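The values are calculated or read from the model by the stated rules, or taken from the named source; none is laboratory data. Treat the numbers as computed from the prediction; the structure is a model and nothing was measured. Please note: Cβ atoms are built from the backbone with ideal geometry, for glycine as well, and neighbour counts cover all protein chains shown.
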Amino acid sequence: MKALAARRHHRLAPVVLLLLALLVTGGVYAALAPSTASAETASTADIETGKKLFQANCATCHGPSAEGRDGVPSLIGVGAAAVDFQVSTGRMPMQMNGPQAEAKPPQMDEEQTAALAAYISSLGAGPSIPTDAQVDPAEGDIANGMALFRTNCAMCHNAVGAGGALSEGKFAPALWETTPRNIYQAMSTGPQSMPVFNDANITPEEKQDIIAFLVDQREGSAGGNALGGLGPVSEGLWGWVVGLGLLIGAAVWIGAKSS
Amino acid sequence: MSTTASTKHTEAPAQPTTGAGKAADYLDQRTSIGVAVKEFARKVFPDHWSFMLGEIALFSFVVLLISGIFLTMFFQPSMALVEYHGEHPANMHGQLMSVAFASTLEMSFEVRGGLLMRQIHHWSALIFMAAIVVHMMRVFFTGAFRKPRELNWLVGCTLMILGLAAGFSGYSLPDDVLSGNGLRITDGVIKSIPVIGSFMSYMVFGGEFPGEHIVPRLFTIHILVVPGLLLALIALHLFLMVLHKHTQYPGGGRTNQNVVGYPLFPVYITKMTGNFFIVFGVLALMGATMAINNVWNYGPFDPSPVSAGAQPDWYMLFLEGALRLMPGQGTEWVILGYTLSLNVLIPAVVIPGILFTFLFVYPFVEAKVSGDQREHHVLDRPRNVPTRTALGVTFLTAFIILALAGSNDLIATHFDLSINTITWVFRILLFVGPVFAFWVTKRVCLGLQRKDRELVLHGHETGRIVRFANGEYIEVHRPLDEQERWLRVNYDAPVPLRLEPKTDARGVKRKGYAADRRWHRVSRFFFEDRVEPVTPAELAAAHSHGEHDALGAAEHPALEAGVGAGTAQEH
């Protein structure tokens, strides 16, 4: 201690103290800050398999080391969640060029998807795949989910998640069939035209609320057949076809009876 | 009546014996209702299914009244804020909303049969408007609006507009996001009216949109003003219908002086009652099985959110479409500090203005350009008035294109198309489509008329080929029977108005020549292309010189015997 005390008036002491303070602050932040980086422990073998799969199926467009090129995004730092979303919904590998990559039966099985995700997340940290507990609709607050959904999502996805049109042939898909995990991933990674709703915008609990609301919509309407949940246009169409169709049919029948 | 009844009583006491008879006699002695019953019971109505379209509208209005009375028992037209604590629906727990919205949820989820009644009411409204439109189409295309029924046509047009007002005001009552979006558009439309728009908007909403007054105001309009007017005008509509007698389709024995059909009692009373129950049944079935306007999907009104697929009910869809098609940029000007917002004014005010003006003035324009002052009780076949039919189809085409344009986002998602492309296609179609539809319809009508002429003059083709002794082949034609011929020759083909010369006999310029010339042009547009009905002389001529054409088939022993064709004429 004597040595310290003797040197505390050294002209370099403030600099050393500043550096120490920065180190401590940085260290504490790194230890306490919520980590979005992939926390999953991916084995080296997974990463190797993923790399091979990537080079065989994805490198044509995304480049040999996933750096992307004109019109094709770089995959460095997109995270495991993005890979899992795109590959498990069949959007990637892309079938053909079009306004947007459309969902289709997935081309990779679960293991391959996991390997790809491990490889991509090894290139740079990004949103990780949510746990089952994070996306459990039973734990969410439906009413809060509705409020969040109609403020953030309904303008593209329709009030009950029946989907809607975007410009130039792009569209926000219907969410009737989307798995809770994919809904969560879409929010945290913002695929295609969708904006990213990171954990600061919509917290993981709120994401769960939205999932709870969307899953609740699948129960159907208290009023009967929801007619696609598309609103007044489909109601009008069904009114004309079923309602007026039946009534005119009946009128023809009544009119034909006596004459 | 009471005196006759009493004299009868003293002279020949033909007392009613049954319970119903006694009740009727009791009523008749006090009200003379027998006169009205006698008159009405034997009133003859013509028979055709298309005459029941108006009935569908009437009966759905009755269903609207019945279900609407039920709904008023539970609806609270207030925009005060409350927190919702009902058990259902799950997505509304603890949400802040207006009392109007909360009472809509309560009537849907707490009141027994409330949701069913709400849905029946809404479906009835859609069917009411649809039946009105179809009924108007029937009246328009068959020329049932001609003298003496022009005024009733005007009453009908007003009923249609009142129906729109009823639908619109009711749609906005639950104070949900979707109808709130509609109200916001209405606010924009009101504000687009030059100079007075902003003031009118403040007047309507009692301040800046949305304010706290619009729901109670719409409620008064929806349950008092509009239904009152509707009831009064429906009564007038039906009274005029009875007064004028119902029109009938053309056919043998049907003239402007008679009505061929069945009496009201018992035939039409039965049919109407049956039809009422069918209409009520279908509407109840729809209300029970098909969800409509589930407001909790959209949530309580908040000016910020708009969801994809936000559209009005179908009868307002053409306005939505017009707004969607109208280019926004470069159509808004500021003149002397006043904003002229053509991007709203044209689609939301001018376009419906054109449609409604056409509907209101058409009967008078047609009467003017045909110079026809006679009464008409026999309907036209649409083909026999090609220009009218074509004009009707033109406006329908425009209406349908606009309604489709109002659904452009759903067309885009359901048919995998680009919404930008769809919008441009509809923009072009809105101008090209109606013109094309006019041309095609008119040609089809003229073609059908020529076919009728051909048929009357030459008869049906039988497919029987006969060879004569001299080697000549003919196909035997079977002449039309009287009914078939009557239908095809009994119509008017008015000629364009004659234009009086510019100057009178003394070379002085005639007053009103310019107006005459304009009407003459319109008249030519209507009647220049026409196919005259076959005259008796033409028919006789065709029979006498068109040797092979009018050959009788089996009834001609001469033909069977292979005798020369010239003898086989006697029709």
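Hey, any hits in region B:508-528 for a residue that's more than 16 Å from B:His477 (Cβ to Cβ), among the hydroxyl-bearing types (Ser, Thr, Tyr) and at pLDDT 60 or above?
Yes, that holds for at least one residue.
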Quiz prompt | Test: residue in region B:53-60 that is in contact with a His (Cβ under 8 Å, 6 or more places away or on another chain), modelled with pLDDT under 95 and more than 9 Å from chain A (Cβ to nearest Cβ) | solution = yes
Quiz item: Restricting region B:210-229 to residues that are in contact with a Phe, Trp or Tyr (Cβ under 9 Å, 6 or more places away or on another chain) and farther than 22 Å from B:Phe74 by Cβ, which is surrounded by the fewest Cβ atoms within 10 Å (Cβ to Cβ)?
Solution: B:Gly211
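A quick yes/no check of all residues on (1) assigned to a loop (DSSP other than H, G, I, E, B); (2) without any contact (Cβ under 8 Å) to a residue 40 or more places away in the chain; (3) exposed (fewer than 11 other Cβ atoms within 10 Å of the Cβ):
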residue: B:Val476; (1), (2), (3): no, no, no
residue: B:Glu484; (1), (2), (3): no, yes, no
residue: B:Arg488; (1), (2), (3): no, no, no
residue: B:Val495; (1), (2), (3): yes, yes, no
residue: B:Gly507; (1), (2), (3): yes, yes, yes
residue: B:Arg517; (1), (2), (3): no, yes, no
residue: B:His520; (1), (2), (3): no, yes, no
Quiz item: Restricting region A:157-194 to residues that are within 16 Å of A:Ala101 (Cβ to Cβ) and facing chain B (nearest Cβ under 7 Å), which is surrounded by the fewest Cβ atoms within 10 Å (Cβ to Cβ)?
Solution: A:Glu168
Practice problem: Given the conditions (1) of a type outside the set (Gly, Ala, Ser); (2) within 18 Å of the chain's Cα centre (by Cα); (3) closer than 25 Å to B:His377 by Cβ, report the number of the one that B:Phe40 does not fulfil. | Solution: (2)
Quiz item: Can B:Val133 be described as in contact (Cβ under 8 Å) with a residue 24 or more places away in the chain and part of a loop (DSSP other than H, G, I, E, B)?
Solution: no
Self-check item: Residues located in region A:100-148, provided they are out of contact with any Ser or Thr (no Cβ under 7 Å at 6 or more places or on another chain), surrounded by fewer than 18 Cβ atoms within 10 Å (Cβ to Cβ) and not in a helix (DSSP H, G or I)
Solution: A:Glu102, A:Lys104, A:Pro105, A:Gln107, A:Asp109, A:Gly124, A:Thr131, A:Asp132, A:Asp136
Quiz prompt | Total residues in region A:209-259, condition touching an Asp or Glu at 6+ places or on another chain (Cβ under 6 Å) and either more than 9 Å from chain B (Cβ to nearest Cβ) or touching a residue at least 24 places away in the same chain (Cβ under 8 Å) (or both) | solution = 1
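Could you please let me know if B:Leu64 is buried (at least 18 other Cβ atoms within 10 Å of the Cβ) and in a helix (DSSP H, G or I)?
Details: buried (at least 18 other Cβ atoms within 10 Å of the Cβ): yes; in a helix (DSSP H, G or I): yes.
When the stated conditions are applied, B:Leu64 passes them.
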Exercise. Quickly run through region B:85-113 and pick out the residues that are away from chain A (no Cβ under 11 Å) and either assigned to a helix (DSSP H, G or I) or more than 24 Å from A:Ala212 (Cβ to Cβ) (or both).
Key: B:Ser98, B:Val99, B:Ala100, B:Phe101, B:Ala102, B:Ser103, B:Thr104, B:Glu106, B:Met107, B:Val111, B:Arg112, B:Gly113
Quiz item: Tell me, which helices (runs of 4 or more DSSP H) lie completely within region B:197-307 with 2 or more residues that are within 10 Å of another protein chain (Cβ to nearest Cβ) and farther than 30 Å from B:Glu150 by Cβ?
Solution: B:269-289
Quiz item: What are the residues in region B:463-485 that are over 23 Å from B:Gly253 (Cα atoms), modelled with pLDDT under 90 and of a type in the set (S, T, N, Q), if any?
Solution: none
Quiz item: Between a first residue in region A:30-54 that is at pLDDT below 85 and a second residue that is loosely packed, with under 15 Cβ neighbours inside 10 Å and not in a helix (DSSP H, G or I), which pairs have beta carbons less than 9 Å apart while being 6 or more apart in sequence or on different chains?
Solution: A:Thr36/A:Asn198
Quiz item: With (1) surrounded by fewer than 17 Cβ atoms within 10 Å (Cβ to Cβ); (2) farther than 27 Å from A:Ala174 by Cβ as the list, and B:Ala288 as the residue in question, which single condition is left unmet?
Solution: (2)
